[in-house]
Amino acid sequence: MQFFNVVIVGAGPAGLISALELSKAGCHVAVIEKIKDVREVRRACSQQLILDEEYEGDIVTVNESGFYFKNADFTVPYKGDLIPLYDKYYHSPKNHCLHFARDNGKTPFSYKFQKTDLLGGMYDLCEASGVTFFMHTRASKISDSDAGAEVTILHKDRTSETLFCKKLILAEGVNANLANRLGMNSKRFYMAASPVVKQVYRGVTGIAPNSWNLYYGKAYYSNSPVIIGPGFDGTVEVTATGGTHVRPLEVLSNFTTKSPMAEFFANAQLVDAYGCCLKARMPMSEPCKGNVIVLGDAAAMIETEVQGAFLCGYYGAHAVIRELQGEDGWNDYTKWWLSAFEFNRADYMRVAQGYGLVPTYTDDELDYLFALVEDVTMPGTYSQYRTPALMWDTIFSRIDIVMEDNHALYDKICNVNKISLNTSLTASK
Ligand SMILES: Cc1cc2nc3c(=O)[nH]c(=O)nc-3n(C[C@H](O)[C@H](O)[C@H](O)COP(=O)(O)OP(=O)(O)OC[C@H]3O[C@@H](n4cnc5c(N)ncnc54)[C@H](O)[C@@H]3O)c2cc1C
């Protein structure tokens, strides 16, 4: 059996930064990761850094060293490519658009980065700082007792061994399988599992440069919006989410050949594809138990985003250090976790349901509503809490017109938004 102060499952953003912080503090740290090389990660990710102020309790800026987290006061090194995003559009079936931008599109609301470079740089720093990596190795069993935690690991050649540690970090990503085995998901309401596919194309026309586009309506063959954003080297990335009755590849095939977007894909070539499956659960309200702390997506309602995972890893590592010194680090971390993330707010689900435009509204209704406010540029935000709040505030500023034009639609809006609208009106002011 090998002994470590801390074992970390998962070399994603949460696992890597916690490994680095713990190693810098003098801990003997091991990281277990099932993929062979973090520079070859194939899981779908749009790789966007979110610049909204106070998003997830911090303000992130880009400087020559990397991504600086102002409130936590640390930098994640990054010197790779960046693509600024200036405009976010919601498109209706007849291409009426809701527009979100900062300073009328002069200041980016997001930067696209290369996740493989970001994680690769972190991996090198961890190795240089003395972190032991078990790559191409799966953590298959875990147990926890007063004495510490044990992790059975299974190498690619089918040999296994057991690691012992004082504290165990589960940074295993969204599906939280190991946390589940410790009973840490038992209070989390399970919502659904959604497959996601991202396809990378060359030669697509009709997309505004440096823009982020969500397509709403049955005309696009999906209840979830199909999303188009920029890729590297002149490509664009198209992302679709499937559901119980429709697979993402079917959505993408229809979107690119039969929907109103088909003409822009007429000469496009598919150059790459990524995928993943997301198990959506309500977030973990108690991310620490015994000697174990759950960080990043594993404790979230779907995702913390990359920068949120870095924050979890950073604060989680400092909580572990306090625990190792006999102090109550778990309480500090839990307080921060519950206050930092939008999905931990009591009214998050009600406001976020404002996103559920399809099938609640018909394609004609979406065309009408988007046309009603398409002359307005709303503040450029990435937030999945603030965006629907802003959208409904703007539509409601003209609700008297809807009442006159289409009373049935007015009634529908009022009924659907009865709870969420009041909350959203106050939330975005
Ligand atoms: C379609 C899509 C688009 C996204 N777009 C963005 C975006 O634009 N911007 C953004 O910031 N975020 C985005 N995200 C979210 C982002 O990818 C995650 O929030 C982030 O990677 C979470 O980091 P993490 O460290 O918690 O988990 P992960 O990055 O998932 O890392 C977990 C690691 O644990 C490993 N692992 C799991 N189980 C085991 C085991 N038993 N043994 C060994 N290793 C194991 C996995 O292989 C993985 O490497 C997107 C996600 C999706 C699905």
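Rule-based calculations on the coordinates, nothing more; no lab input. As the structure is a prediction and not an experimental result, all values here were calculated from the model. Virtual Cβ from ideal backbone geometry, glycine too; neighbours counted across all protein chains shown.
Tabulated data
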| item | result |
| --- | --- |
| Amide H contacts of residue 72 (H built 1.01 Å from N, under 5 Å, at least 5 apart or other chain) | 59 |
| Ranked 407, 245, 28, criterion: other C-beta atoms within 10 Å, fewest first | 245, 407, 28 |
| R0 of 56 Å, Cβ-Cβ distance residue 407-residue 53: FRET efficiency to nearest 0.05 | 0.90 |
| For the range 301-308, 3J(HN,Hα) per residue [Karplus equation, 6.51 cos²θ - 1.76 cosθ + 1.60, θ = phi - 60°, Hz, x = Gly/Pro] | 7, 6, 8, 8, 6, 4, 5, x |
| Dipole moment magnitude, nearest 20 debye, the chain about Cα centre, only Lys, Arg, Asp, Glu C-beta charged | 1020 |
| Relative pair counts by distance (%), Cα atoms of the chain, 20 Å bins | 25, 55, 19, 1 |
| Förster radius 30 Å - calculated FRET efficiency between residue 114 and residue 258, Cβ distance, rounded to 0.05 | 0.40 |
| Helix-only [θ]222 nm of the chain, DSSP H runs n ≥ 4, -39500 (n - 2.57) each, per residue, nearest 500 | -9000 deg cm²/dmol |
| Value of relative contact order over the range 123-205, rounded to a whole percent, pairs C-alpha under 8 Å and six or more apart | 18 |
| In degrees, nearest ten, helix 363-372 long axis to first principal axis of the chain (Cα) | 80 |
| Point-to-point label distance, residue 302-residue 267, nm (Cα→Cβ direction, 7 Å offset) | 3.5 |
| Placed amide H near residue 261: partners under 5 Å, 5+ positions off or other chain | none |
| Cα-based reach from residue 94 at 20 Å (exclusive), listing aspartates and glutamates while leaving out same-chain residues under 8 positions away | 263, 363, 364, 365, 367, 374, 375, 405 |
| Inter-label distance, nm, simple model (7 Å from Cα along the C-beta direction), residue 95/residue 218 | 2.3 |
| In Hz, Karplus ³J(HN,Hα) per residue of the range 338-343 (6.51, -1.76, 1.60; θ = phi - 60°; x = Gly, Pro) | 6, 8, 7, 9, 3, 5 |
| Relative contact order of the chain, defined on C-alpha pairs under 8 angstrom at six or more residues apart (%) | 20 |
| Karplus 3J(HN,Hα) series, Hz, for the range 205-221 with 6.51 cos²θ - 1.76 cosθ + 1.60 (x for Gly, Pro) | 10, x, 10, 4, x, 6, 10, 10, 10, 10, 10, 10, x, 4, 4, 9, 6 |
| Extension gain (nm, one decimal) between residue 37 and residue 138, 0.36 nm per residue minus Cα-Cα | 35.0 nm |
| Listed residues 61, 143, 84: farthest to the positive end of the dipole of the range 58-163 (Cβ charges) | 84 |
